[in-house]
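These notes concern the structure reproduced below.
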There are 2 protein chains.
Amino acid sequence: MRIGILGTGVVGEAIATALIEKGHEVRMGSRAAGNEKAVAWAKKAGKLATEGSFNDAAIYGDLVFLCLNGEFALDAIDSIDPSGLNGKILIDVTNPLDFTQGMPPRILEEYRHVSLGERIQQAVPNAYVVKTLNTINYSVMVNPKKVNNGKHSLFVCGNHMDAKNKVKHFLADAFGWDAESFVDLGDIKAARCSEAFVPLWVMLWQAVGSPLFSVKLVQ
Amino acid sequence: MRIGILGTGVVGEAIATALIEKGHEVRMGSRAAGNEKAVAWAKKAGKLATEGSFNDAAIYGDLVFLCLNGEFALDAIDSIDPSGLNGKILIDVTNPLDFTQGMPPRILEEYRHVSLGERIQQAVPNAYVVKTLNTINYSVMVNPKKVNNGKHSLFVCGNHMDAKNKVKHFLADAFGWDAESFVDLGDIKAARCSEAFVPLWVMLWQAVGSPLFSVKLVQ
């Protein structure tokens, strides 16, 4: 499958590399083609890996991951020809955090009432935005068994049930997520809640002393 | 031990009743002595139970629980002579939620940057405010074994380590909380994070179809 990855940071690189290892063709996108980190990654990752602009990666992917710093995510989406995402699933991994006011981080002011996930869906109304993976460390995203042998919860939300189901199957197949891990929070509005969880996640990181943890919904 | 309970709602009543059953003397406080619900509760709960104003309950308790709707919590604290809480532990169970804008609930605008827990600590600087129990259903607060045989996490924060330790011991002894359940998030500023978790909790309630759930920190 062809996958577009928007972002060259640790999250984008972890997901891109894990997908190459599963035999997918992956294009890493950045502000402009030729980005130093994207070029270095593609060289190291081998024949299945390419790089280009955000627009190149979005057009390339049958499935697209949005892995940017929340502060810049909408700008990246705005730089894409929206038709390149028509009918495609866009997995939104972003968090709109503001660390400038000290700890704990805040949610960026412009996303306090309407989440970043919702704003992304509004920006590309013909794509199927599924918000997930944003509540765990990047190394756990692609290797959930690093924590509690994979027995923990992953929140999913989005407006399209079929898209959410496809994402669950993809994450199970590509990264080994257990079917019982997925917790469907409802439509994309619920991104307000999963994004608002992340400041607590940061404090839990401090409490645990490692990012290799998660939460498990128990009854 | 003498316990003051500020609030006559389901949370206050559940905690008050459970503490009576453990042999504590409990005074339930409301806006004015003689509150219909508080009088009915005290009559039913027996000899160890009394009722009065918020101030009466605060003065009475060696330990005080704040169990009000977040919207009214600071008003209740303001109605108390602060010296009545000097040197006492005040367990803050409140959440500043705004359900008027539909689901998911928001955090009340005035507590978006500085949490309700912090504002309560500021209002009674000589009390030891410990924020906890606010991230679970009231019936689980007093009977944690209702969920996953008690194996789940309870977030605790506050400025005073000794007060947090006393609260952990009290909750373990009174309600059966497992010592491994407690997750210390740090000082009272972390109440921003545990309060911000509660809109997600509400969406999880919808997803689960029952309030009898919790989250467990796993590594």
1/(1 + (r/R0)^6) with r = Cβ-Cβ of B:VAL10 and A:LYS47, R0 = 60 Å, i.e. FRET efficiency to nearest 0.05, evaluates to 0.45
Once every Cα of region B:155-199 carries one equal point scatterer and solvent is ignored, give the base-10 log of I(q)/I(0) from the Debye formula at q = 0.17, 0.22 Å⁻¹, two decimals.
-> -0.49, -0.76
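Find the all-direction average of the projected area of the Cα convex hull for region B:117-194, expressing the result in square nanometres with one decimal place.
4.8
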Please get the size of the charge dipole for the protein assembly as shown, origin at its Cα centre, with Cβ charges of +1 on Lys and Arg and -1 on Asp and Glu, quoted in debye to the nearest 20.
-> 1040
Other chains near A:182-193: what is the mean number of their Cβ atoms within 10 Å of each residue's Cβ?
-> 4
Return the long-range amide H neighbours of B:PHE182 (sequence gap of 5 or more, or a different chain), with a cut-off of under 5 Å between placed amide H atoms.
-> B:LEU154
Student exercise, region A:1-117 dipole from Lys, Arg, Asp, Glu Cβ charges, in Debye to nearest 20 = 420
Dipole check, region B:116-219, charges on Cβ (K,R +1; D,E -1), about Cα centroid: among B:ASN165, B:GLY150, B:ILE188 the Cα furthest to the positive pole belongs to B:GLY150
Projected label distance in nm at B:SER210 and A:ASN86, using a 7 Å step from Cα toward the beta-carbon = 4.8
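Starting from the Cα gyration tensor of region B:170-219, take the square roots of the eigenvalues, sort them a ≥ b ≥ c, and report rounded, prolate or oblate (rounded when a/c is under 1.5, otherwise prolate if a/b is larger than b/c, else oblate).
Note, shape of region B:170-219 comes out oblate.
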Between copies, how close do the A:ALA172 label points come, placed 7 Å along Cα→Cβ, listed in nm from shortest?
-> 4.0
Residue among A:MET203, A:MET103, A:MET28 with the largest mean-square fluctuation in a Gaussian network model of chain A, springs linking Cα atoms under 10 Å | A:MET103
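Report the convex hull volume per residue for region B:32-107, counting only C-alpha atoms, in Å³.
On the way: hull volume 8.9 nm³, N = 76.
Taking only Cα atoms, region B:32-107 has a hull volume of 117 Å³ per residue.
Hydropathy at least 0.0 by Kyte-Doolittle, axial extent at least 15 angstrom from the Cα trace: which helices of chain B, defined as entire DSSP H runs, fit?
On the way: long enough: B:10-21 (16 Å, 1.54); B:161-175 (21 Å, -0.30); B:191-208 (25 Å, 0.95).
Length and hydropathy pass: B:10-21, B:191-208.
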Using Cα pairs under 8 angstrom and six or more residues apart, how large is the relative contact order of region A:8-152, in percent?
-> 21
In vacuum, with every alpha carbon of the protein assembly as shown counted as one equal point scatterer, what does the Debye formula give for log10 I(q)/I(0) at q = 0.14 Å⁻¹? Two decimals, please.
-> -1.18
For B:ASN149 and B:GLU110, calculate 0.36 nm times their separation in residues minus their Cα-Cα distance, and state this gained length in nm to one decimal.
-> 10.3 nm
Here the correct list, in nm and shortest first, of distances from B:GLN101 to the same site in the other copies, label points 7 Å along Cα→Cβ, is 1.4
Per residue and in cubic angstrom, what volume does the convex hull of the Cα atoms of region A:78-141 have?
-> 110
Would you mind working out the magnitude of the charge dipole of chain B relative to its Cα centre, with +1 at each Lys and Arg C-beta and -1 at each Asp and Glu C-beta, to the nearest 20 Debye?
-> 540
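Suppose all protein chains stay in the model; what accessible area per residue would a 1.4 Å probe give for region A:26-101, in Å²?
Solvent-accessible surface per residue comes out at 46 Å².
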What is the diffusion coefficient of region B:47-157 in µm²/s, taking the Kirkwood radius over Cα pairs and the Stokes-Einstein relation at 10 °C with a viscosity of 1.306 mPa s?
-> 104
Cα-based Rg and Dmax for chain B, where Dmax is the largest Cα-Cα distance (Å) | 16.2, 49
Accessible surface of region B:1-140 [probe 1.4 Å, protein heavy atoms]: carbon and sulfur percent = 49
With unit charges on the beta carbon (Lys/Arg positive, Asp/Glu negative), name the residue among A:ALA14, A:ILE77, A:ALA33 whose Cα is farthest towards the positive pole of the charge dipole of the protein assembly as shown.
-> A:ALA14
Where a Cα-Cα gap under 26 Å defines reach, which lysines qualify for A:LYS44, not counting those fewer than 8 residues away within the same chain?
-> A:LYS22, A:LYS145, A:LYS146
Estimated Rh, region B:1-55: Kirkwood, alpha-carbon pairs, angstrom = 10.5
Ignoring ligands, DNA and RNA, how much accessible area is buried between chains A and B, both sides summed, with a 1.4 Å probe, to the nearest 100 Å²?
-> 3100
If the label point is 7 Å along Cα→Cβ of A:ASP173, which residues in region A:6-34 have backbone nitrogen under 13 Å from it?
-> A:22-25
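Counting pairs of alpha carbon atoms under 8 Å apart in space and at least six apart in sequence, what relative contact order in percent does region A:111-219 give?
RCO, region A:111-219: 36 percent.
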Counting only residues 5 or more places away or on other chains, whose amide H sits under 5 Å from the amide H of A:VAL129 once H atoms are built in the peptide plane?
-> A:LEU90, A:ASN159
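The values are calculated or read from the model by the stated rules, or taken from the named source; none is laboratory data. Bear in mind the structure is a predicted one, so any value in this text is a computation, not a measurement. So basically every Cβ, Gly included, is an ideal-geometry build from the backbone, and we count neighbours across all protein chains shown. For the accessible areas, the whole protein counts, side chains as well, though only heavy atoms, and no ligand, DNA or RNA atoms are used. Shrake-Rupley method; radii C 1.70, N 1.55, O 1.52, S 1.80 Å.
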